[in-house]
């Protein structure tokens, strides 16, 4: 995570938590228009609504107006993780055990950086994944990106 994103995360974390949400990710996108993307989830894991995003947006906007390290004009985007959500915290790897996942590593593991298979949970800071009947243990701290894959099984939950 970039320093700028970490600063923003530290600013927003108490505000988002006080509203009863989990701050999943802060991302600064510098493509076409500068966008500050904030991804939230409910602590009770129920579905995020547009109203939830509006509540968070209205609450954090004044805080960002004062403390945000981004000096240029930007768009604020508050979103839900969606069904095919990114897996960010260690708990996510246990909570979504049994579902299909795509994991991209920062470092090579057994000669590869990308893994697509059945998530088998987290044990001793190692994410277990079954790829074509081969079990891998991936260091949690070396995961660059992980995301659930949209499947009928996931939709049925």
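Just so it is clear, none of the values below were taken in a lab; they were calculated from the coordinates. Only a predicted model underlies this, so the values are computations on that prediction, with no experimental measurement involved.
Data for the structure
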item	result
Over the chain: helical MRE at 222 nm, DSSP H runs n ≥ 4 each giving -39500 (n - 2.57), nearest 500	-8500 deg cm²/dmol
Beta bridges by DSSP in the chain, antiparallel share as percent, to the nearest 5	85 percent
Antiparallel bridges, percent of DSSP beta bridges restricted to the stretch 3-79 (to nearest 5)	60 percent
Cα long-axis angle, helix 3-18 against the chain (0 to 90 degrees, to the nearest 10)	80 degrees
Distance from the stretch 19-90 to the stretch 97-136 (C-alpha centre basis), Å	27 Å
Cα-based helix-to-principal-axis angle, 50-67 vs the chain, degrees rounded to 10	60 degrees
Contour minus Cα-Cα distance for residue 79 and residue 141 (0.36 nm per residue)	19.8 nm
